[in-house]
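The values are calculated or read from the model by the stated rules, or taken from the named source; none is laboratory data. As the structure is a prediction and not an experimental result, all values here were calculated from the model. For neighbour counting, all protein chains shown are included, and Cβ atoms are generated from backbone atoms with ideal geometry for every residue, glycine included. Surface areas here come from the heavy atoms of the whole protein model, side chains and all, with no ligands, DNA or RNA. Shrake-Rupley method; radii C 1.70, N 1.55, O 1.52, S 1.80 Å.
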Amino acid sequence: MDKFDLKNKILIGITLFSMFFGAGNLIFPPFLGAQAGTRAVPAFIGFALSAVGLPVLGVVAVTLAGGLNQLASRVHPGFAFVYILILYLAIGPCLAIPRTASTSFSMAVIPFLPSGASVGLVQFLYSVIFFAAASLVALHPEKLTEYLGKKLTPILLVLIAVLFAAAVINPVGDPAHPAELYEKGAAVQGFLDGYQTMDTLAALNFGMIVALNIQARGIRKKKAVMKETISAGWIAGILLLAVYAMLTYVGMISGQIFFGKNNGTEVLVSMADFLFGKAGMVILALIFVIACFNTCVGLFSCCGKYFADVFPKLSYRSWVFIFAFISMVIANVGLDTILKFSVPVLSAIYPMAILLIFLSCIHRWLDGFQRIYPWAAVFCGISSILTVMSQYGILIPGITLVLQKIPGYSAGFGWLLPTGAGIMAGLAAEICRKKVRR
């Protein structure tokens, strides 16, 4: 078999969508809609660029490069090892995986707990069951299409469509006045909000799991697998865009009544209760458990496979169970704590992912100019880390002052101009090297 029919293409695309669509994908669009209010449209456009456009390009970039390690090694093999390790820890047991359990717990369990119940104990038991089930499914990564694509994700999409339809038929009210962050730079803030879904980082890693499922369904030729993986990326992107639009709308029309909620889960809880009463909480519980479970399984799979390849003394199975235990421990610190910690980490490592995706997309035109990769990476990495440090009050005399004067710094893009300078420096270094050789 050289290619899939339409049915199998859609099935693989839905499988990739299910791995993308987890905790952050559920909680950030409605929160963005509620906070942006009347500025929700430009905010959503920015959000879609970083939460849909970049992940799709990420799948394409890594697939064309032959894998994340091959892509990152264009900078340097040592860089590839360190950056990919940090990347997997961020989207794996340190941030993204624990968030799947803490988010689904806040939506599927807390609203149904009787008063006086020990939340901490119940959360611990829930996280044990949640991660045990997810790790068992993840032990067969080549079968995720059967588990996620065929069974769980169609139910998830139907439930989200029901919530959206109810919001359209019975709107809460008009959009609120935008919060301060969205009042002037709605599109920029929306773009930065898209970081929190972690999908661009995940996109750099999910390709290999999708490829396994493509091969399990009968396609073996490398070029055919690459083509179907890229096709799955575009289908997943279309689904993400549609679902994000629905959730943002639900949040937007909740603005005047539910403005001021601390996160997207609170916005959705309020809306579901208004639209369906107690039944709404059941619908939300199912949505969050399915979405978070799907993503958790996908992350276990890609992280387990990577660590088993890099540290083969432990099997894939062992790594999955290790990550399940670590994630269970971290998940019990609570959703708000995880979200607070994730912001600076993602702000530091996201620009590098964007750079690698960009350079991969123009790689065909960089033939003979390979020094652009290391120079751009150095400038991007240093400026990203320094920007995050300064935003959190860690100042370096002289350097921080210069950094703060860079165009785009206040909007969170202080890394962009230095990265461009790094690309130009790499280009100049390559030209000089060629002239010396002549």
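Assorted remarks:
- For Leu427 and Leu85, a Förster radius of 30 Å and the Cβ-Cβ distance give a FRET efficiency of 0.55, rounded to the nearest 0.05.
- C-alpha center-to-center spacing [the stretch 155-176, the stretch 194-224] in angstrom: 31 Å
- Straight-line cross-link reach from Lys305 at under 14 Å between alpha-carbon atoms covers these aspartates and glutamates, not counting any fewer than eight positions away in the same chain: Glu142.
- Estimated dipole of the chain in Debye, rounded to 20 [Cβ of Lys and Arg +1, of Asp and Glu -1, Cα centre]: 1680 debye
- Distance between modelled label sites at Glu142 and Glu180, nm, 7 Å Cα→Cβ extension: 5.6 nm
- Whole-number accessible area per residue in Å² for the stretch 127-177, which is evaluated in the context of all protein chains at 1.4 Å: 46 Å²
- Extension gain (nm, one decimal) between Lys340 and Ser318, 0.36 nm per residue minus Cα-Cα: 4.9 nm
- Partners of Lys221 within straight-line reach, counting lysines whose Cα lies under 18 Å from its Cα and excluding those fewer than 8 residues away in the same chain: Lys3, Lys9.
- With the whole protein complex present, Trp234 retains an accessible surface near 140 Å², based on a 1.4 Å probe.
- Gaussian network model of the chain, springs between alpha carbon atoms under 10 Å - residue of Ile14, Ile423, Ile382 with greatest fluctuation: Ile382
- Within the accessible area of the chain (1.4 Å probe), percent carbon and sulfur: 70 percent
- CD proxy at 222 nm, helix term only [per DSSP H run n ≥ 4: -39500 (n - 2.57); per residue of the chain; nearest 500]: -24000 deg cm²/dmol
- Sites Asn170 and Ile45, calculated FRET efficiency, Cβ-Cβ separation with R0 30 Å, nearest 0.05: 0.65
- Rounded to the nearest 10 square angstrom, Phe379 shows an accessible area of 70 square angstrom against a 1.4 Å probe.
- Take the Cβ atoms of Ile382 and Leu64, set R0 to 22 Å, and the FRET efficiency comes out at 0.20.
- Extension reserve of the Ala161-Phe274 stretch, reckoned as 0.36 nm per residue once the Cα distance is removed: 39.0 nm
- Which of Asn294, Gly207, Pro178, positive extreme of dipole for the chain (C-beta unit charges): Gly207
- Measuring only protein heavy atoms, the 1.4 Å probe finds Ile45 accessible over about 100 Å².
- Solvent exposure, largest accessible area first (probe 1.4 Å, DNA, RNA and ligands not counted), of Val137, Val59: Val137, Val59
- Potential extension, Ile362-Lys7 segment - 0.36 nm per residue separation minus Cα distance: 124.6 nm
- Partner lysines whose Cα lies under 16 Å from the Cα of Lys340, excluding those fewer than 8 positions away in the same chain, are identified as Lys261.
- With both labels modelled 7 Å from their Cα along Cα-to-Cβ, the Lys151 to Leu241 distance reads 3.2 nm.
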